[in-house]
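Visitor: Once you've had a glance at the structure underneath, I'll fire off some questions.
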Amino acid sequence: MMSINIYRKMNVKNPTLLAAWPGMGNVGLRAIDYLRKKLETTLFAEIDVSEFVIPDMVVVKDGITEMPRAPKNLFYCQRDLGLIIFEAENQLKDKHSITLVNDILDFAQRYNVKRIFTGAAFPLPISYEEPSKVYVVANKKSLSNILFSKYGLKIMESGQISGLNGLLPGLAKQREIEAACLLATMPLYAMNIPYPKASKSLVEVFARILNVRVNTEELNQSIQNMEMEMEKLEESVKGQISAAKEEDFPDASKEEEIPGYVRKKIERLFREAKLDKKKAYILKEELDKWNLFELYEDRFLDLFEKGEAQA
């Protein structure tokens with residue numbers, strides 16, 4: 001069990017908890033951090049993880065090495081809205097992540113939290129020009145139905161959600177606490193950079209759930225700035241695909257004409273992409289290279305209808 005420091009007492013009745021860790025594109029963390037700032041929350045508690053973090057580097061300042069500080073894991077409160085927000089600077093690993101999540105759930109039960117939400121990214125083979133859609137995975141069917149019928153969220157029917165943004169709702173189920181992870185779509189090729197368009201989609205959904213108005217002008221500006229860079233990145237990706245297509249590969253558009261070694265590689269890539277959507281882009285390149293995408297198109301798209309999301 002980790003130590004929790006209470007900085008001030010907060011009386012909040014049956015609150016909702018929003019929780020976020022860094023993840024792909026920092027989509028979930030940026031959304032919840034944006035809400036925290038706009039809703040004028042108050043810092044009131046912190047989980048001390050210093051004994052559970054093993055440093056893998058040192059910090060150099062003025063030519064002298066220093067040990068890095070432990071990452072912050074902070075609780076904020078907005079009493080009028082009945083809201084608690086938890087934010088972490090990094091994700092713990094191995095058994096320590098389970099310890100942390102259980103401590104968060106203990107803390108949530110102490111405050112009679114009625115419902116928990118996390119946020120994450122859902123990478124798909126889409127363009128930055130497409131809207132970011134929000135999917136949901138809940139730990140109870142009743143909550144899933146509410147989020148579908150009342151807020152129009154798409155249900156992610158099956159797959160996996162990696163990281164603590166997915167683990168928290170899973171462990172909350174064991175305590176009979178309603179919880180859900182909201183996942184905003186983003187391009188596969190943008191997985192390693194901030195993607196504010198997806199964060200904005202999460203902010204808008206969370207605002208509706210909390211029944212508050214949130215000014216998203218700052219996110220809009222970030223999106224405009226991002227799109228200029230995304231256009232260049234997308235053109236670069238398209239150029240790489242076009243170059244691959246122009247290479248001298250035989251036409252294997254008919255299944256019986258696919259070389260055995262190619263068939264085996266494609267099947268391996270399908271298996272890998274099913275477990276890790278990062279591999280879908282590699283699979284798509286291989287299918288295009290052999291002029292096979294049309295033959296495998298339905299199966300490829302099924303990866304995302306039933307796909308995996310990542311936190």
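Visitor: For the stretch 238-261, check the following and say yes or no: at least one residue is closer than 30 Å to GLY163 by Cβ, in contact with a helix residue (DSSP H, G or I) (Cβ under 7 Å, 6 or more places away or on another chain) and modelled with pLDDT under 85.
Guide: So far as the stretch 238-261 goes, yes, one or more of its residues are closer than 30 Å to GLY163 by Cβ, in contact with a helix residue (DSSP H, G or I) (Cβ under 7 Å, 6 or more places away or on another chain) and modelled with pLDDT under 85.
Visitor: Sticking with this one: Considering only the stretch 134-159, state which residues are charged (D, E, K, R) and either free of Cβ contacts under 8 Å to residues at least 40 places away in the same chain or in the same structural domain as LYS277 (by TED's automatic domain parsing) (or both).
Guide: Across the stretch 134-159, the qualifying residues are LYS140, LYS141, LYS150, LYS154.
Visitor: Looking only at the stretch 74-127, count every residue that is of a type in the set (Asp, Glu) and on the phi > 0 side of the Ramachandran plot and tell me the total.
Guide: Qualifying residue count, the stretch 74-127: 1.
Visitor: Which numbered condition trips up ASP48, out of (1) of a type in the set (Asp, Glu); (2) touching a Ser or Thr at 6+ places or on another chain (Cβ under 7 Å); (3) at positive phi?
Guide: ASP48 satisfies every listed condition except (3).
Visitor: So is GLU51 closer than 30 Å to THR185 by Cβ, in the same structural domain as LYS133 (by TED's automatic domain parsing) and surrounded by fewer than 17 Cβ atoms within 10 Å (Cβ to Cβ) or not?
Guide: No, not satisfied.
Visitor: Of everything in the stretch 66-118, what is under 30 Å from ASP56 (Cα atoms) and among the basic types (Lys, Arg)? Give them in sequence order.
Guide: Residues satisfying the conditions are ARG69, LYS72, LYS93, LYS95.
The values are calculated or read from the model by the stated rules, or taken from the named source; none is laboratory data. Please read all numbers here as calculations on a predicted model, not as lab measurements. Positions of Cβ are generated from backbone atoms using ideal geometry, with glycine treated the same way; all protein chains shown enter the neighbour counts.
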